[in-house]
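J.: This is the structure I want to talk about, given as structure tokens.
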Amino acid sequence: MIIAVDGPAAAGKGTIARALAAHFGYHFLDTGSLYRMVGLAVLRAGHDPHDRGSAIAAAAGLDPSNFTDGDLRNEAVGAAASIVAVIPEVRAALLDFQRGFARRLPGAVLDGRDIGTVVCPDADVKLFVTASADVRARRRQKELDADDFETVLQEIRERDLRDSQRAAAPLTAAADAVILDTSEMDVEEATAAAIAAVTAKRVF
Ligand code: DC
């Protein structure tokens, strides 16, 4: 059983994917963390995330089973992740691990940008979790305890643009994805809607 949860930054897909995994007793993988690990490694090496060679080397040398670094959630690391994620060789280096994880029994929930389209096009259930840029920026502002809403909104917009306009595996809903717009929902409502969508689609 493979559940793909895709969507833009701060739409709530991580929370929803985690809740689905807990509810159905499946494994959970936050694939954004893999790209964040590559971005963090490049920054720590003192390089620019646009430096292709450095990003490709970091992706090749990654231990994907170990992502506990406290700095992974920083906004600077998120932005670096989005930049290295444009590079096809970086994406290719992370693919086998994600596909191997998806095959874990009794099932797996993966969240990201291209799970339903590229990593697991045959996923049993695909959710595309989204929300308006304003709502996502408010949530991210709260999460980061940031002062300036406009700065956070600007970062969200830049990330949306980069993630959806890149040539390799851009952020887009799979044709067979269930779209879940969480703009008007709180966490409980969004989680309940996701569980209902999976239950309705689940193949027994
Ligand atoms: O979900 P996140 O914010 O932690 O992801 C960070 C960046 O990683 C995101 O802006 C784009 C990239 N990413 C990706 O390209 N493909 C994925 N499956 C997951 C994340």
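J.: For Thr117, all conditions in the list (1) under 14 Å from Val5 (Cα atoms); (2) outside any loop (DSSP other than H, G, I, E, B); (3) open to solvent by 70 Å² or more (accessible area, probe 1.4 Å) hold save one; what is the number of the exception?
T.: (3)
J.: List every residue pair whose Cβ atoms sit under 7 Å apart, with the two residues 6 or more apart in sequence or on different chains, where the first one lies in the range 7-27 and is farther than 21 Å from Arg73 by Cβ and of a type in the set (Gly, Ala, Ser) and the second, anywhere, is open to solvent by 10 Å² or more (accessible area, probe 1.4 Å) and at pLDDT 95 or above.
T.: Correct list of pairs: Gly25/Pro106.
J.: Take Asp134 and tell me if it is away from the ligand (no atom under 14 Å from the Cβ) and either open to solvent by less than 50 Å² (accessible area, probe 1.4 Å) or under 22 Å from Arg157 (Cα atoms) (or both).
T.: So Asp134 passes the test.
J.: Additional query: Considering only residues that are among the β-branched types (Val, Ile, Thr) and open to solvent by less than 20 Å² (accessible area, probe 1.4 Å), which ones fall in the range 149-196?
T.: If the condition is that a residue be among the β-branched types (Val, Ile, Thr) and open to solvent by less than 20 Å² (accessible area, probe 1.4 Å), then Val152, Ile156, Thr182 are the ones that fit.
J.: For Leu43, state whether it is surrounded by fewer than 23 Cβ atoms within 10 Å (Cβ to Cβ), within 14 Å of the ligand (Cβ to nearest atom) and over 19 Å from Lys142 (Cβ atoms).
T.: So Leu43 fits the description; yes.
J.: Just to verify a result, which residue in the range 137-148, among those that are out of contact with any Phe, Trp or Tyr (no Cβ under 6 Å at 6 or more places or on another chain) and away from the ligand (no atom under 13 Å from the Cβ), is least open to solvent (accessible area, probe 1.4 Å)?
T.: Ala137
The values are calculated or read from the model by the stated rules, or taken from the named source; none is laboratory data. Keep in mind it's a predicted model, so treat the numbers as computed, not measured. Reconstructed Cβ throughout: ideal geometry from the backbone, glycine too, with neighbour counts over all protein chains shown. For accessibility, only protein heavy atoms count, side chains too; no ligands or nucleic acids. Shrake-Rupley method; radii C 1.70, N 1.55, O 1.52, S 1.80 Å.
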